[in-house]
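The structure under discussion appears below in the form of structure tokens.
Coordinate-derived values only; no laboratory data. Note that the coordinates shown come from a computational prediction; the quantities given were computed from them, not determined experimentally. So basically every Cβ, Gly included, is an ideal-geometry build from the backbone, and we count neighbours across all protein chains shown.
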Amino acid sequence: MAMNAQEMMRILDSIARERNIDRSLLIRDLELAMVSAARKHFNTLDPEEFTCVVDAISGKIDIRRHGEPLEMTPEAFGRIAAQTFKQVMIQKFRDDERTSILDEFTKRVGEIAVGTAQRYEARSLIVTIDRAEAFMPPSEQIPGEQFQPNDRVRCLILDVRDAGSQVKIVLSRSHPDFIKRLFEVEVPEVAERVIEIKAMAREAGYRTKIAVSSVDSKVDAVGACVGVRGSRIKNIVDELNGEKIDIVRWNESSQILIQNSLKPAEVKEISLCFELGRATVVVGDDQLSLAIGKRGQNVRLAARLTGWDIDILTPEEFTKGLEIMAQTLLQVQGATEQMTDRLAALGMVSVFDIEEVGAEVLVTELQIPQEMAAGMVEKASVRAKEVAEQQQRDKEEKERKARAQAEADRLAILAGGVAAADGAALAAGDDAASAILGAASAPPPPVVEGQDAAAGEARAADILGQS
């Protein structure tokens with residue numbers, strides 16, 4: 001019995017180490033399992049009838065019934081009671097392990113973990129991390145990224161949920177915090193808080209903009225994040241399978257921050273409307289597509305990074321919008337050019353802005369009567385509708401011309417192909433004609449005495465056939 005007790009304690013110690021479960025919890029589970037087996041053996045439902053204490057050092061089991069000791073082991077209870085003992089022990093161990101996993105991973109939320117890919121279930125990636133099984137839902141995966149079984153997976157522990165009989169550990173590779181943690185790993189200055197990540201905007205798998213600043217004037221925030229010859233940022237980009245990362249220098253001035261966030265495009269002028277949270281950015285015609293980016297990605301990420309709604313305009317569009325606004329507002333009795341200039345200085349640069357801010361803002365900013373402000377808004381609303389309709393017509397006309405040009409290009413390509421085919425045919429015809437003329441102008445073969453006249457006829461037939 002002593003040897004069995006010692007062996008049992010060694011097994012408990014092994015389970016405690018491997019599963020990271022408190023040894024005292026396992027001993028308590030053993031005591032509860034013994035009580036359950038005894039109740040099953042004696043067929044009693046009284047929860048107070050049996051008690052059990054297991055010595056934590058020797059492993060000796062002291063089980064009592066109504067306070068009287070019972071000299072029994074789990075095997076002595078019989079097959080059914082022993083099976084009950086086994087089932088209770090397994091269930092208790094699983095519960096303890098689940099609790100241990102829940103406590104451990106709850107503390108690790110927000111950290112980067114490295115796991116092993118197992119399989120896909122309903123498009124979710126199942127990953128083994130340490131002794132736990134976690135999952136990465138489709139929304140947290142990087143678009144187009146696929147893992148094979150046993151692949152290494154570096155990910156963010158996003159959330160841990162207690163789902164009754166199991167612990168659900170949610171992983172992510174698309175969350176912005178994943179990139180923050182990668183910067184902390186690759187850039188020591190970020191981990192030491194010498195460089196601070198002030199803002200971030202990400203479209204997972206495509207592009208990320210991150211604004212950084214340094215608390216130490218001797219440390220260049222952007223240069224430290226990039227690393228020597230781009231070594232630091234390259235490691236992060238490789239981990240993200242080529243996702244582009246723009247590192248932007250943070251500035252407390254919204255105008256400078258917006259200008260930095262739109263790089264590599266060069267900005268000519270920025271007008272901020274604090275009432276609408278809108279920034280009107282003027283760029284050259286040659287910089288327009290660069291500032292907007294592919295499918296609007298550059299300006300969209302810049303807007304999310306800075307917290308401003310950004311409109312990109314060319315100088316011509318900006319000037320035209322100001323002129324239309326001034327002409328519209330000056331139709332209101334009492335309105336002056338100083339008022340329109342004041343509105344432009346406040347970032348209201350179009351009739352759409354005037355319509356959106358409303359009369360109350362105009363009353364406050366321009367110190368004008370309510371009736372005049374209402375008249376301005378009314379005029380602006382009518383004009384805004386006209387401008388919107390004209391813009392829609394211009395857009396449709398532009399699309400129509402683009403379609404017509406595309407069709408013309410297609411026809412030109414087809415015509416070019418036909419012309420090329422005709423040219424080839426003509427060239428072939430010229431070659432054939434040359435062959436015929438050459439054959440016709442060739443000297444007749446010498447007449448051999450006794451030659452059959454049929455030979456001459458065959459020669460003539462050959463020439464005629466080639467023609």
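Note on Asn20 and Arg131: the model spin-label points, each 7 Å out from Cα along the C-beta direction, lie 0.8 nm apart. Taking 7 Å steps out from each Cα toward its Cβ at Asp159 and Glu121 produces label points 1.7 nm apart.
Dimensions of the range 2-105 along the principal axes, based on C-alpha atoms and rounded to the nearest Å, stand at 42, 29, 24, largest first. With an a/c value under 1.5 for the gyration tensor axes a ≥ b ≥ c computed over the alpha-carbon atoms, the range 108-174 is described as rounded. Among the listed pairs Lys263/Lys398; Lys244/Lys268; Lys218/Lys294; Lys320/Lys401; Lys86/Lys168; Lys209/Lys385, those whose Cα-Cα separation exceeds 30 Å are Lys218/Lys294; Lys209/Lys385. Sorting the segments 389-397, 36-44 by their residues' average number of neighbouring beta-carbon atoms within 10 angstrom, most packed first, yields 36-44, 389-397.
Note on the range 295-336: Kirkwood radius taken over Cα pairs, Stokes-Einstein applied at 25 °C and 0.890 mPa s, translational D equal to 195 µm² s⁻¹. Between the helical axis of 297-306 and the dominant principal axis of the chain, each derived from Cα atoms, what acute angle in degrees is found, rounded to the nearest 10? Rounded to the nearest ten degrees, it is 50.
The stretch between Gln146 and Leu288, if pulled fully straight at 0.36 nm per residue, gains 47.6 nm over its current Cα-Cα span. With helices as the sole contributors, the chain gives -17000 deg cm²/dmol at 222 nm; each DSSP H run of n ≥ 4 counts as -39500 (n - 2.57), and the sum is divided by every residue.
Between the helical axis of 315-329 and the longest alpha-carbon principal axis of the chain there is an angle of about 90 degrees. Could you work out the mean projected area of the convex hull around the alpha carbons of the chain, in square nanometres to one decimal? Directional mean of the projected Cα hull area for the chain stands at 55.6 nm².
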